[in-house]
Amino acid sequence: QYAFESLRWFDHWLKGNDTGVMDGPDVRLFVTGGDGSWKAAADWPLPETVWHPFYLHSGGLLSEHEHWPHEGGSSFEDNVYNARGGLSFATPPLVERTEVIGPLTATIHASTNRPELLLFLSLWDIDPEGGQRLLSRGWLKGSMRRTNPETSRPWLWQYDFTAPEPVDTTRPQRYDINIMPTANVFQKGHRIGLRISSSDQDPAVTVFDMLGQGHLLQQAPSWVTIHHDAEHPSVLNVPVTAGNVIGTFISGGSGGMTMAPKVVEACREAGLFWLLVPRELGGSDASTVEFMTMVEELASSDGATAWSLMANSAATMVASVYSSDAHVARMFGGGRLPIMSSTYAPTGRVTFDGKVYHG
């Protein structure tokens, strides 16, 4: 099918043959993932596109939650002898089949100790077993980072390219990067992955294969820090065209689990933070691991959809302690939530791992 569509297009534009290619839809594309399928659309990006920002966090986490004020950054060495150096980030497993079609953009705040910086971004589909499939790439030379606001679009940066600016080594700087369009279905349980490095070489290519070639010829070692805090947020914008990316209130990464700021704020306003916030955040005596495990245990009894499971996990904990879910409604801005089960009747306390936590 791909060869047929390509041949029709080339015959029309190169040979002048009337192949009927202009009579069809304005956009026709092949969607990878699963069994693969063709899709037609009337415009580009697709009219049904919803842009989901995923913020980079410590521990290799990509999350729709914004940053903690002092989260910091992550670093890697840009060295010709360490071509595999870089940083990897990934979302939690998606809760349903999610279609991503269109161009992607990333805004990366980075600092380095040299006046030039090469940034290569790659997008991956990560399956539950850890297998990775490359979907797309984007790249930018630091000195060519200036964009043209008059010609740029929300989903496509246009660069100036007329006045190179050396990278300021004294402070983090913003880099707006285009990632080539993709069309892929992320199956349920898969994760969206982003890798950032200073080399576009395939990991299978050894250092010695490329030593002294191209941009590696005069490359000098440097350290690169990708910043991801409230003052210097780094974010990947993903075009979702079908399905839904989980809006977790609580997300996990390879470096641990954190609680979303919006939940912390709501808990503090409702006076519930003693129980709901781990001691690292000034709350209960439960450690972060104990807290997260307790929330997961409580939420696992809720037979709702995966979205409700995650969105209501903290709410389930509240309702298990209080005799009414009025606090829950106030926290999450809705009416009564169907989050209770007979397993967790309201008792005014929660017992976990031999410890009793009182409301």
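Overview of values
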| quantity | calculated |
| --- | --- |
| Residue count for the range 110-163, restricted to those that are in a loop (DSSP other than H, G, I, E, B), in contact (Cβ under 8 Å) with a residue 40 or more places away in the chain and farther than 27 Å from Leu46 by Cβ | 6 |
| Residue count for the range 112-123, restricted to those that are crowded, with 20+ Cβ neighbours inside 10 Å and either under 21 Å from the mean Cα position of the chain (by Cα) or modelled with pLDDT of 95 or more (or both) | 4 |
| So Asp202, is it modelled with pLDDT of 95 or more and over 25 Å from Arg97 (Cβ atoms) | no |
| Glu77 under 26 Å from Val240 (Cα atoms) and modelled with pLDDT under 80 | no |
| Qualifying residue in the range 42-60 (condition: surrounded by fewer than 18 Cβ atoms within 10 Å (Cβ to Cβ), in contact with a His (Cβ under 7 Å, 6 or more places away or on another chain) and not in a loop (DSSP other than H, G, I, E, B)) | no |
| Members of the range 90-116 found to be of a type in the set (A, V, I, L, M) and under 23 Å from Ala230 (Cα atoms), listed by number | Ala90, Leu104, Ala106, Ile108, Ala110 |
| Index of the failed condition, Glu96 passing every other in (1) modelled with pLDDT under 90; (2) part of a strand (DSSP E or B) | (2) |
| Where a residue in the range 1-29 is surrounded by 12 or more Cβ atoms within 10 Å (Cβ to Cβ) and its partner, wherever it lies, is aromatic (Phe, Trp, Tyr), with Cβ under 8 Å and at least six apart | Thr19/Trp9; Val21/Trp9; Val27/Trp44; Arg28/Trp38; Leu29/Trp38 |
| Extreme residue, nearest to Trp44 (Cα to Cα), among residues of the range 164-187 that are hydroxyl-bearing (Ser, Thr, Tyr) and not in a loop (DSSP other than H, G, I, E, B) | Thr182 |
| Members of the range 111-162 found to be farther than 25 Å from Phe76 by Cα and in contact with a helix residue (DSSP H, G or I) (Cβ under 9 Å, 6 or more places away or on another chain), listed by number | Tyr159, Asp160, Phe161 |
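The values are calculated or read from the model by the stated rules, or taken from the named source; none is laboratory data. Predicted model only: the values in this text are computed from it and were never measured. A quick note on method: Cβ atoms are made from the backbone with ideal geometry, for glycine too, and the neighbour counts reach across all protein chains shown.
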